[in-house]
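*Asks:* Okay, handing you the structure first.
A short reminder: the numbers here are calculations on the coordinates, not readings from a lab. Here the structure is a predicted model, which means the values were calculated and not measured. Cβ placement follows ideal geometry from the backbone for every residue including glycine, while neighbour counts extend to all protein chains displayed.
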Amino acid sequence: MAFVEVIRRSMRPEEWTDLRYVWLKRGIIKEKYEITDLQIKDGRQIGENEYIYDSDEYRPLKKGDLYFTPDGTAFIKGHVTIPDSLVNKELVFTLHTAAEMIVKINGHYAGGIDPNRDRLSLNPWLIQDSREVDLEIVGYNRSKPDDERNPDAMDSRGCRQIFEGAYIAVVNQPLLSLYYDLTILLDIAKSHHFDEDYRTYLNTELNNALNLVDFDTYEGVEAASHYIEEKIYQNTDFRSSGNVALVGHSHLDIAYYWRRIHVIQKNARTILIQMRLMDQYPDFKYAHTQPYTYEMLQTYYPELFAELKEKIQSGQFEPVGAMYVEPDCNIPSAESLIRQCLYGQSYYRKEFGITVDNAWLPDVFGNSWILPQILKKSGVSYFVSNKMSTWNDTNRFPHNNFMWKGIDGSKIYACVPPTHFITWNMPSQIQENWDAYQDKETGGQTLSMFGYGDGGSGATEEMIELMHRFEKLSIMPKTEHMRADEFLHRNLKDNDQLATWDGELYLEMHRGTFTTKSNLKAYNRKLEFKLRDAELLSVLRMMDGTPYPAKELRACYKMLLLNQFHDILPGSHINPVYMDAMKDYQELETRLDHIIGSGSCYFNTLNKPRTSVTFIPDATGNIVRKGQKGYFAYPNTLALSTSNLSYTSNEDSSWFSINNLQADTPYYTITFDPDGSITSLFDKQRNREWADGCLNKLHLYQDNPGMYDAWDILPNYKDVEYPMQVEKPLKLLYVDNTVAELRTTLYTPSHKSTWEMAVRLFHNSPFIEIEHIVDWDEKHRLAKVSFGCNVLSRELVCDTSAGYIKRETHTNTSWQQARFEVCQHKWCDFSEESGGLALINEGKYGLGIEENGMSLSLLRSNIRPDILSDIGHHDFCYVLLPHDGNAIDARINDLALEYNIPLVKADVKTPNWNFGDLYLQAVKLSEDGKYIVFRLSEQNGHRGSIQLPQAVKTMNMLEDITGETTTITYSPFELITIAMTF
Amino acid sequence: MEDYICNTIAPRVQGDGGWVEFVSYQDHILTLNFRGECSKCTILDRCLDWICQEVKRDLQEEITIHPIRLKPFFWDNK
């Protein structure tokens, strides 16, 4: 039977209600008086609260003027005398704008104005018996609003704004109250999350209520409110279930579509707004994360910081998140994550006298398996992170309130809230949260965060007003506004019903962030190890009487930690953020090199003997590696010891031959293709072939993930591949008694990028090193290098920086299918019981899992948020290493450490430190300056014990002493902190 | 003009997630590519006026801007 859709052309009853809701909003301001004495000065922020000005002079600012410029800050000052008609009334200051403003009235921080709120209370700031009002506004205009989910904010976006006037005004409070009633009830009426009959009932009764209002005079507002109270709020015929905890929060990206210098003001505005809401609503509580943001407030807004301390004391303002910033939790090393906690908690302890027991990471792009242990040993029992529930593209993460078991077996309480971390506290969002909550029977309440964010701003008056009406609505789940710690303690603590998730918290999304902006990743890796060396050498020199540069090292670490923020290190930011980060990294390297100093000998900072072939920078050397001249040597240096190395040219190349791209070394017979890929890798020692298809095969794929360009690699990225063209076929360029170097030059089909590949084979080492020197100018391309291995295995073993994780290489279920691209640290390994292939890298994290091996993600070229992402010069290396046994038998982790931690020139004495097979991850002076602190890491999955020559203190990761021992007993993947006096 | 656009105007636009590139300048007609957030800005005309004012103030030239919007493929749907 034919169906004809009826399209109504006249207004439906619901549309009539919507229209009157808009009219109601127009009546909120009852009386207003324009402030005409306003002046403006334009500036641009160039540092933390540092500006340059277009002119030193202020100019008049009139209604209708264009104001703000791209990336501009406006300084507005004004004066108004309250007119007779408004004296002794409750007044507000109101200004509608897309900008983010901090407003001072009569010298006091009165509040904030931004796209999410356009008025603030005036009376608390009036001078007694005076009608004079002085205004000072610092406004920072962003074309990208705090929160793109707010339609009002989107409507007013843009760099150049029209000044709509500033006013002192009187609010029609009864009308405002009715407006809030309509806001909450219309949200329910429009939401499919609620009972259909109730929504029909609501539509009828809202129409009835609004019929009582004269929209010309706004008479009848009280009658309408009374009607709603009696007919809707007192109706209990419609019931719901559920129990939702509401926690006020604002997500604040330290850098993203804005630079970190801008966050100084964003943060201050957010905190100011929330504190003013606390003044207005004594029951309102708000959770603010990242000690770094508190540190910045303390530095640049001491007056606000003093007020903040009182609010923290009273319990309304809650510091959450033990980590210094909300870091990416895939790429930073274990020691970096520990320092995030150490410096974060140290700040909280020093300034507020508290140890925060939660990690608050709502927006991070998945979480490493090493986190539970680190958090637990840093005073953190609770972990909160949202994205796995709302962003996974394949599987529904099965828990919301649960236990998370880490790589070492440590367990912490975890909450992955069912919905987004940015909500505006609407009934539909709360109901949706409850509906999606999977641990209804075991997890207690579910967590719903409310408040605008990404760039701060936070909760609004409207969100709190709505919250005060929730208990009147029987259709809604029970709600309770509380602090974050109250939610966690009440529902998770000692809850033995909670299910356990044992494994990494892999986010099935944003897989490109392991690769995007590869220079940042490589620099981060390099500096993590330089910090290790700088601290270790400083300790050794301190033992010889040189003062330990504690303040400088702490400052350096904090600079690294800041740039590990989850929209900086992953690469999901605009170009100026990248430039800031690279500038920071360059400065950091200079400062660390200064601390590391120099010497006449080469020092092995590893606590294990060093045997593998190593590149030694030397102007007289014949090899150019990563732009530096040098030579390869076999240091054979003992742990924490020095050795003398010098270059002596030996041109005997009899160990090496090549014929028609078939190279012969003491270890291998290798057949190359002209593009540098290896079609056969025959292992002479093991009498076996390692290649199945091609090893070291370069691929160029189309990479069009869409809106989340910098973030995502799609599962079908292999659909379109562009063949690389060979400009100069592989040929031998250099050979001496140590190394043979072959080079090839390729280019992309667009001819825009050149790709030089150097393959290095060694006389006395099974290492096969490949260097890529790339001038990259592509758009929407992903470069990978694949390794098809003649290995029968179902597991790819990947370094996490504190132990290894095994990932299945088959695609039997949707869980393996979703993990087609994962994060690794220094190495991965694909082995049978008798041997396999390891791939050791210097700063690459993205890894494709293949049925017969792996593919290393090398470069991307996305255009959002940064048009120039990854465009430019790149130079990176990795080593392919066949070996006996599995990765542990072959000491791959130790070799990867050697590859990543070069010998340093330093004249220091060998210390009497012996920690057996444990990796000395860090040595430092304790924060209180009393001890030498050692961080030891078991990375091979072994148990054991080490007898120490003297008693040592045991510590947690916050450097609190927990005991004393003469024996270190360790278990698989354990991180141990001990301390000695000196 | 190219130097002014690249080194004075572009950094300010980039600071806000936008992107402007110099294409040509001839007979007081300045052609610019707008990418990134600028490519879909509904009030780009206001920025064009601002650039004209800045050029007039700093380079003493009266110009007209010919903008070319280069939207990324995922926004290029109209």
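*Asks:* If you take the square roots of the eigenvalues of the alpha-carbon gyration tensor of region A:857-982 and sort them as a ≥ b ≥ c, do you get rounded (a/c under 1.5), prolate (a/b over b/c) or oblate?
*Replies:* prolate
*Asks:* Moving on to the next point. So how strong a dipole does region A:725-842 carry about its Cα centre when Lys and Arg Cβ are +1 and Asp and Glu Cβ are -1, to the nearest 20 debye?
*Replies:* The calculation lands at about 320 debye.
*Asks:* In what order do A:Asp917, A:Asp454, B:Asp45 fall by count of nearby beta-carbon atoms within 10 Å, going from fewest to most?
*Replies:* Ordered by Cβ neighbours within 10 Å, fewest first: B:Asp45, A:Asp917, A:Asp454.
*Asks:* Give me the percent relative contact order of chain A, please, defined on Cα pairs under 8 angstrom at least 6 residues apart.
*Replies:* Rounded, it is 9 percent for chain A.
*Asks:* Tell me which of A:Val933, A:Tyr899, A:Pro972 sits at the most positive position along the dipole axis of region A:860-982, charges placed on C-beta atoms (Lys, Arg +1; Asp, Glu -1).
*Replies:* So the residue furthest toward the plus end is A:Val933.
*Asks:* So, R0 is 41 Å and r is the distance between the beta-carbons of A:Thr648 and A:Ser834; what FRET efficiency does that work out to, to 0.05?
*Replies:* Between A:Thr648 and A:Ser834 the formula returns 0.60.
*Asks:* Which FRET efficiency value, to the nearest 0.05, do you get for A:Leu212 and A:Ser85 by plugging their Cβ-Cβ distance into 1/(1 + (r/R0)^6) with R0 = 41 Å?
*Replies:* Here the calculated transfer efficiency is 0.90.
*Asks:* Could I ask something else about it? Please turn the phi angles of region A:177-186 into ³J(HN,Hα) values with the Karplus equation 6.51 cos²θ - 1.76 cosθ + 1.60 (θ = phi - 60°), one per residue in order, whole Hz, x for glycine and proline.
*Replies:* Coupling constants for region A:177-186: 5, 5, 4, 5, 4, 5, 4, 6, 6, 5 Hz.
*Asks:* Would you kindly calculate the mean projected area, averaged across all directions, of the convex hull enclosing the Cα atoms of region A:97-148, in square nanometres?
*Replies:* Orientation-averaged projected area of the Cα hull: 3.6 nm².
*Asks:* Hey, got the dipole for region A:818-909? About the Cα centre, +1 on K and R Cβ, -1 on D and E Cβ, debye to the nearest 20?
*Replies:* 440 debye
*Asks:* When a footprinting reagent is the concern and you count Cβ atoms within 10 Å, what order do A:Thr967, A:Thr605, B:Thr31 take, fewest first?
*Replies:* A:Thr967, B:Thr31, A:Thr605
*Asks:* Counting C-alpha atoms alone, how compact is region A:641-790: give Rg to one decimal and Dmax as a whole number, in angstrom.
*Replies:* Computed over the Cα atoms of region A:641-790, radius of gyration and Dmax are 18.0, 56 Å.
*Asks:* Going 7 Å from the Cα of A:Lys551 in the Cα-to-Cβ direction, what parts of region A:514-541 have a backbone nitrogen less than 12 Å from that spot?
*Replies:* Once the point is set 7 Å along Cα→Cβ of A:Lys551, nothing inside region A:514-541 turns out to lie under 12 Å by backbone N.
*Asks:* Still on this structure: Give the order of A:Met707, B:Met1 when sorted by the count of other beta carbons within 10 angstrom, beginning with the fewest.
*Replies:* A:Met707, B:Met1
*Asks:* If you don't mind, another one. Points 7 angstrom from Cα along the Cβ direction at A:Gln128 and A:Trp815: gap in nanometres?
*Replies:* With each label placed 7 Å out from Cα toward Cβ, I get 6.8 nm.
*Asks:* Within 10 Å, at most 14 other Cβ atoms, and a DSSP state outside H, G, I, E, B define an exposed site. Report the longest part of chain B free of exposed chymotrypsin sites (Phe, Trp or Tyr not before Pro).
*Replies:* B:1-72
*Asks:* Return the loop-located trypsin sites (Lys or Arg not before Pro) in region A:214-308 (DSSP other than H, G, I, E, B) with at most 15 other Cβ atoms within 10 Å of their own Cβ; answer none if there are none.
*Replies:* In loop regions of region A:214-308 (DSSP not H, G, I, E or B), the sparsely surrounded trypsin sites (Lys or Arg not before Pro) are A:Arg239.
*Asks:* Over the Cα atoms, compute the radius of gyration (one decimal) and Dmax (the largest Cα-Cα distance, rounded to a whole number) for region A:441-578, in Å.
*Replies:* Rg and Dmax of region A:441-578, Cα atoms, are 22.9, 73 Å.
*Asks:* On to the next question. Using every alpha carbon pair in region A:597-678, what percent of pairs falls into each 10 Å bin from 0 up to the bin containing the largest distance?
*Replies:* Bins of 10 Å from zero give 15, 32, 35, 15, 3 percent of pairs.
*Asks:* Between the helical axis of A:13-26 and the dominant principal axis of chain A, each derived from Cα atoms, what acute angle in degrees is found, rounded to the nearest 10?
*Replies:* Helix A:13-26 sits at roughly 90 degrees to that axis.
*Asks:* By a straight-distance test (C-alpha under 17 Å), which lysines pair with A:Lys311 as possible cross-link partners, with residues fewer than eight away in the same chain excluded?
*Replies:* Hits, sequence-local ones excluded: A:Lys285, A:Lys350.
*Asks:* Can you spot the lysines whose alpha carbon is less than 18 Å from A:Lys718's alpha carbon? Ignore those fewer than 8 places along the same chain.
*Replies:* A:Lys697, A:Lys779, A:Lys784
*Asks:* Give me the angle, in degrees from 0 to 90, between the Cα long axis of helix A:334-352 and the longest principal axis of the Cα atoms of chain A, rounded to the nearest 10.
*Replies:* 40 degrees
*Asks:* Compute the helix-to-body angle for A:302-314: its Cα long axis versus the longest principal axis of chain A, expressed 0 to 90° and rounded to tens.
*Replies:* 80 degrees
*Asks:* Continuing with the same structure: Which pairs in the list A:Lys377/A:Lys521; A:Lys266/A:Lys530; A:Lys521/B:Lys56; A:Lys493/A:Lys953 are over 31 Å apart, alpha-carbon to alpha-carbon?
*Replies:* Exceeds cut-off: A:Lys266/A:Lys530; A:Lys521/B:Lys56.
*Asks:* Moving on to the next point. Once you wrap a convex hull around the alpha carbon atoms of the protein assembly as shown, what is its projected area averaged over all directions, in nm²?
*Replies:* 48.6 nm²
*Asks:* Let me ask something else. Which whole number gives the average, over all residues in A:274-287, of C-beta atoms from other chains lying within 10 Å of the residue C-beta?
*Replies:* Shielding by partners across A:274-287 averages 0.
*Asks:* OK, next. Just to verify a number: FRET efficiency for A:Gln313 and A:His108, C-beta to C-beta distance, R0 = 22 Å, to 0.05?
*Replies:* The computed FRET efficiency comes out at 0.60.
*Asks:* Got a sec to turn the phi values of region A:660-665 into Karplus ³J(HN,Hα) couplings, 6.51 cos²θ - 1.76 cosθ + 1.60 with θ = phi - 60°, whole Hz, x for Gly and Pro?
*Replies:* Couplings: 6, 6, 10, 9, 10, 10 Hz.
*Asks:* State log₁₀ I(q)/I(0) for region A:301-377 at q = 0.22, 0.23, 0.25 Å⁻¹ as given by the Debye formula over alpha-carbon point scatterers of equal weight, solvent excluded.
*Replies:* -0.98, -1.04, -1.16
*Asks:* Among the GluC sites (Glu not before Pro) in region A:1-103, which ones are in a DSSP loop with at most 15 other Cβ atoms within 10 Å of the Cβ? Mind listing them?
*Replies:* When the GluC sites (Glu not before Pro) of region A:1-103 are filtered for loop state and at most 15 Cβ neighbours within 10 Å, A:Glu5, A:Glu48, A:Glu57, A:Glu90 remain.
*Asks:* Provide the per-residue ³J(HN,Hα) series for region A:572-586, in order, calculated from phi with Karplus coefficients 6.51, -1.76, 1.60 and θ = phi - 60°, each as a whole number of Hz, with x at glycine and proline positions.
*Replies:* Along region A:572-586, the couplings run 8, 7, 7, 4, x, 5, 4, 4, 4, 5, 5, 5, 4, 5, 5 Hz.
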